[in-house]
1. Could you tell me which residue of the range 20-79 is nearest to Ile560 (Cα to Cα), considering only residues that are among the β-branched types (Val, Ile, Thr) and at pLDDT 85 or above?
2. Go through the residues of the range 555-569 one by one and say whether even a single one is surrounded by fewer than 24 Cβ atoms within 10 Å (Cβ to Cβ), under 30 Å from Asp131 (Cβ atoms), in contact (Cβ under 8 Å) with a residue 24 or more places away in the chain and within 14 Å of the chain's Cα centre (by Cα).
3. If Arg390 satisfies every condition in (1) touching a helix residue (DSSP H, G or I) at 6+ places or on another chain (Cβ under 7 Å); (2) modelled with pLDDT of 90 or more; (3) buried (at least 17 other Cβ atoms within 10 Å of the Cβ) but one, which is the exception?
4. If you check Leu93, Leu105, which single one turns out to be among the aliphatic types (A, V, I, L, M) and either modelled with pLDDT under 85 or in the same structural domain as Pro541 (by TED's automatic domain parsing) (or both)?
5. Can you name the residue in the range 239-281 that is closer than 18 Å to Gly188 by Cα and of a type in the set (S, T, N, Q) and is also surrounded by the fewest Cβ atoms within 10 Å (Cβ to Cβ) among such residues?
6. Can you give me the number of residues within the range 267-325 that are modelled with pLDDT under 80 and over 30 Å from Phe446 (Cβ atoms)?
7. Quick one: count up the residues across the range 405-420 that are farther than 20 Å from Glu333 by Cβ and either in the same structural domain as Arg291 (by TED's automatic domain parsing) or outside any helix (DSSP H, G or I) (or both).
8. Checking the condition at pLDDT 80 or above and either in contact with a Pro (Cβ under 6 Å, 6 or more places away or on another chain) or of a type in the set (Gly, Ala, Ser) (or both), which residue from Glu179, Glu203, Glu218, Glu196 passes?
Amino acid sequence: MAGKKKEASLQASVTNQEQWEEMLATKGLAVVDVYQQWCGPCRAVVSLLRKIKNELGDDLLHFATAEADSIDALERYRGKCEPTFLFYGGGELVAVLRGANAPLLQRMIVEELAKEKLVLEQGGERRAIKDDGLIDDEKKEDETPRQSENDIRIIVPASKSYTVAVIKPDAVAHGKANEIIMKIQDAGFEILAHEERTLTEVEARDFYQHKATETGFEDLVQFMSSGPSHILILSQIEGSSNVVPAWREFIGPADVEEAKSQKPESLRAQYGTQTPFNAVHGSEDSNRASRELAFFFPNFTTASATEQDGEEERVERTLALIRPDVARENREEILAEIHKSGFTVAMQREVMLTEEQVTQFYSQHLDKDYFPALLRSMTSGPVLALALARTGAVHHWRSLLGPPDIKTAKEESPDCLRAQFAVENEPINQLHGSASPEEAEREISFFFPPQRTLAVIKPDAMEAHRESILEEIHARGFSVAQLKETALSREMAEEFYKEHREKPFFSQLVEFMSRGPCLMLILTKDNAVEEWRALMGPTDPDQAKAASPNSLRARFASDILHNSVHGSSNEQHAEAKIRFIFGDISSDAEIPDDGGSDRTASERVSSGDENTDLSKSPVEEMSDNHHQQHEDASHDSNCGSPQTGESDDPDPCS
């Protein structure tokens with residue numbers, strides 16, 4: 001009982017409009033946890049708030065919980081499943097934080113309290129903000145909804161250089177996003193694409209995987225998934241041949257103190273507080289920019305001047321292999337030459353090949369004298385495989401490589417890559433290129449097999465929207481490798497969503513998913529997981545209609561529970577769920593022994609469809625450094641909000 005009294009005194013409970021107005025009239029800074037009646041306030045931060053209150057001991061700091069469903073002023077927050085903290089000073093909104101990010105919440109409380117005390121003690125100016133995370137309902141009726149950048153093909157001239165810019169959650173939470181965007185434009189940068197997006201933990205981990213070994217990686221992941229970011233594609237400013245260094249110069253050093261001393265006019269000096277709360281992100285180099293573009297904007301493509309004039313030029317792909325010796329020593333030099341020559345690295349992976357795989361890939365060379373040396377080289381270490389894209393990719397890459405014979409390459413084309421990166425006393429060249437467009441596609445499929453993901457058309461959409469959703473799936477280039485219609489038993493629904501077993505909405509979710517038939521599909525496509533999630537749109541239909549109006553959830557979902565479709569959050573989770581539903585496809589298909597049943601879904605589902613074996617690429621079992629992800633341990637945030645628990649999906653209904 002004592003614990004409950006402490007908690008009640010720590011956070012005032014606001015449950016109606018009258019109490020809300022009284023709370024706003026309180027002198028000082030009020031930090032309000034806005035929650036939905038069905039899930040309750042965020043319990044994970046209570047101990048943190050108590051710690052802050054005890055440490056600061058300031059009578060001007062107040063904490064409250066507010067039920068959005070019963071307070072008129074919070075009407076636009078109803079149905080939002082993400083933890084939301086509103087900061088009020090003098091009755092005015094001064095900051096917003098989405099997500100239960102403890103370090104950022106603590107920092108914002110301290111900063112905003114200091115600002116409010118300046119206003120009260122010295123008559124400073126209080127800067128009220130608007131919540132950028134909400135759509136202005138009055139404007140919504142008059143404006144044409146903005147199409148999500150993931151739903152359209154973004155084409156820019158191939159002559160332009162481009163980079164990714166991210167306005168991070170700390171700057172967005174403090175209402176600085178629009179101000180930063182204006183400064184970007186004033187500096188002469190061209191914004192080619194712009195969207196607001198909240199990263200899931202899995203997405204943040206994947207995006208920053210190159211920093212996984214650095215100290216503070218987990219804090220960075222938590223921070224970047226704590227609330228909305230603004231993602232932009234920038235092109236170069238006038239007089240700059242490469243936008244990447246120009247943008248990095250403009251944002252300043254990553255360390256905020258260093259930025260303030262060395263580049264006081266930089267964005268990080270003006271808007272950052274400390275790493276990783278440094279307001280903005282910039283791609284490290286052209287290679288990283290290409291990868292980040294593919295991550296955020298999979299439909300981003302370049303076009304030649306001819307295509308811009310209306311005459312379509314076909315963008316072609318080719319396979320490039322950098323053999324182990326040169327991949328270890330000269331990778332960055334070769335990648336720089338690739339980008340300099342106008343190629344985009346569409347896909348990239350580092351793999352260890354077995355002798356059997358090399359023999360299969362080079363089957364036409366088995367009778368050649370050099371094959372033993374080729375076999376030895378290709379199995380001596382990791383091979384870097386690249387899918388390169390541009391117009392005439394096959395011809396241009398082979399021209400850049402030069403003659404396959406090293407001696408000829410050195411004599412006739414000493415500037416070609418094979419001549420430049422020849423290895424002493426090694427009889428074979430160190431780089432591979434496809435011989436024709438047809439061969440290129442076969443070879444790319446060898447190293448980059450189409451990805452699989454699990455898609456589910458939920459009971460609420462089966463009768464009215466099933467055919468429309470299937471048509472959209474085919475129109476977006478997905479192949480349906482397997483499908484079955486089935487009614488989940490309650491046992492199966494509980495197992496399927498077992499990550500949410502302890503959440504307050506679990507029984508409601510299970511009841512919904514087991515009330516009628518679902519359509520289960522295995523979809524295949526390059527980057528299938530992200531492409532399907534982009535097609536689905538945000539979990540909350542209201543967010544989907546604002547951010548991605550052509551998405552399936554924007555068009556067909558009625559609310560956050562009845563949101564039409566489901567999709568896995570990453571490749572590993574997709575494979576686990578595929579094994580659960582289609583257990584007999586490619587393995588013994590036992591459900592992973594992590595506390596659930598040890599029976600496969602196919603043992604419990606009665607379906608008229610037979611599951612057909614799917615062929616696998618020869619490299620699917622290879623070591624894949626690019627795609628490996630660690631299964632995230634479940635973190636003890638346990639908010640009342642669905643999005644704070646660790647699961648196969650970033651939210652309960654996705």
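The values are calculated or read from the model by the stated rules, or taken from the named source; none is laboratory data. Fair warning: this is a prediction, and the values are worked out from it, not measured in the lab. FYI the Cβ positions are ideal-geometry reconstructions off the backbone, even for glycines, and counts take in every protein chain you see.
1. Initially, the range 20-79 is screened for residues among the β-branched types (Val, Ile, Thr), giving 26, 31-32, 34, 45-46, 52, 65, 71.
When the remaining residues are screened for being at pLDDT 85 or above, the result is 26, 31-32, 34, 52, 65, 71.
Numbers: Thr26: 34, Val31: 26, Val32: 23, Val34: 17, Ile52: 33, Thr65: 22, Ile71: 20 Å.
The extreme case among them is Val34.
2. The answer is yes, given that some residue of the range 555-569 is surrounded by fewer than 24 Cβ atoms within 10 Å (Cβ to Cβ), under 30 Å from Asp131 (Cβ atoms), in contact (Cβ under 8 Å) with a residue 24 or more places away in the chain and within 14 Å of the chain's Cα centre (by Cα).
3. Failing condition for Arg390: (2).
4. Details: Leu93 fails: either modelled with pLDDT under 85 or in the same structural domain as Pro541 (by TED's automatic domain parsing) (or both).
None of the others qualify; the one that does is Leu105.
5. The selected residue is Ser241.
6. The total comes to 9.
7. Within the range 405-420, the first condition is being farther than 20 Å from Glu333 by Cβ, and the residues that meet it are 405, 407-408, 411-412.
From what is left, the residues that are either in the same structural domain as Arg291 (by TED's automatic domain parsing) or outside any helix (DSSP H, G or I) (or both) are 405.
Going through the range 405-420 one residue at a time, the tally reaches 1.
8. On the way: Glu179 fails: either in contact with a Pro (Cβ under 6 Å, 6 or more places away or on another chain) or of a type in the set (Gly, Ala, Ser) (or both); Glu203 fails: either in contact with a Pro (Cβ under 6 Å, 6 or more places away or on another chain) or of a type in the set (Gly, Ala, Ser) (or both); Glu218 fails: either in contact with a Pro (Cβ under 6 Å, 6 or more places away or on another chain) or of a type in the set (Gly, Ala, Ser) (or both).
Of the residues listed, the single one that is at pLDDT 80 or above and either in contact with a Pro (Cβ under 6 Å, 6 or more places away or on another chain) or of a type in the set (Gly, Ala, Ser) (or both) is Glu196.
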